[in-house]
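Colleague: Input: one structure, supplied below.
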Amino acid sequence: MGEFRMPSLGADMDEGTLTRWLVRPGDRVAKGDIVAVIDTEKSTIEVEIFEGGTVEQLVVPEGTRVPVGTVLARVGAAPSAAAGAGAAAPEGPAPP
């Protein structure tokens, strides 16, 4: 399970306010997806996630001010393409 943490969005940023979640638990995300809106002292920034998977838990509620590095959400591993596909078909000629 991965952790999505409050990023440092500027050289002098120590904390930020999570103003809005753009995802919910159960949503699939891909690297680069915008998942939250963070308010800093200087601006409001849409923040992307750096790993893909399924959002497991939103740890920090909207409107909460937290330090850089705080876990904001937990993301589970993305299901592999083979997962859920069932057993592989046997190789060889088709039965008559």
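The values are calculated or read from the model by the stated rules, or taken from the named source; none is laboratory data. Note that this is a predicted model, so its numbers are computed, not measured. A quick note on method: Cβ atoms are made from the backbone with ideal geometry, for glycine too, and the neighbour counts reach across all protein chains shown. To get the accessible areas, we keep the full protein, side chains included, count just its heavy atoms, and leave off ligands, DNA and RNA. Shrake-Rupley method; radii C 1.70, N 1.55, O 1.52, S 1.80 Å.
Colleague: How many residues are at pLDDT 60 or above, assigned to a loop (DSSP other than H, G, I, E, B), open to solvent by less than 80 Å² (accessible area, probe 1.4 Å) and not hydrophobic (A, V, I, L, M, F, W, C) if we restrict to region 62-92?
Modeller: Quick first cut of region 62-92, residues at pLDDT 60 or above only: 62-79.
Then drop every residue that is not assigned to a loop (DSSP other than H, G, I, E, B), which leaves 62-63, 68-70, 77-79.
Imposing the further condition that a residue be open to solvent by less than 80 Å² (accessible area, probe 1.4 Å) reduces the set to 63, 68-70, 78-79.
Keeping just the survivors that are not hydrophobic (A, V, I, L, M, F, W, C) gives 63, 69-70, 79.
The number of residues fulfilling the criteria is 4.
Colleague: Would you mind stating whether Pro95 is modelled with pLDDT of 95 or more and either in a loop (DSSP other than H, G, I, E, B) or open to solvent by less than 60 Å² (accessible area, probe 1.4 Å) (or both)?
Modeller: On the way: modelled with pLDDT of 95 or more: no; either in a loop (DSSP other than H, G, I, E, B) or open to solvent by less than 60 Å² (accessible area, probe 1.4 Å) (or both): yes.
Against the criterion (modelled with pLDDT of 95 or more and either in a loop (DSSP other than H, G, I, E, B) or open to solvent by less than 60 Å² (accessible area, probe 1.4 Å) (or both)), Pro95 does not qualify.
Colleague: When you scan region 20-60, how many residues do you find that are basic (Lys, Arg) and within 15 Å of Arg74 (Cα to Cα)? Write out each step before concluding.
Modeller: Of the residues in region 20-60, the ones basic (Lys, Arg) are 20, 24, 28, 31, 42.
Retained after the next criterion (residues that are within 15 Å of Arg74 (Cα to Cα)): 24, 28, 31.
Residues in region 20-60 being basic (Lys, Arg) and within 15 Å of Arg74 (Cα to Cα): 3 in total.
Colleague: Report yes if Thr17 is more than 14 Å from Arg74 (Cβ to Cβ), modelled with pLDDT of 95 or more and β-branched (Val, Ile, Thr), otherwise no.
Modeller: On the way: more than 14 Å from Arg74 (Cβ to Cβ): yes; modelled with pLDDT of 95 or more: yes; β-branched (Val, Ile, Thr): yes.
Yes.
Colleague: Go through region 14-36 residue by residue and tally those that are assigned to a loop (DSSP other than H, G, I, E, B) and surrounded by fewer than 17 Cβ atoms within 10 Å (Cβ to Cβ).
Modeller: Number satisfying all stated conditions: 10.
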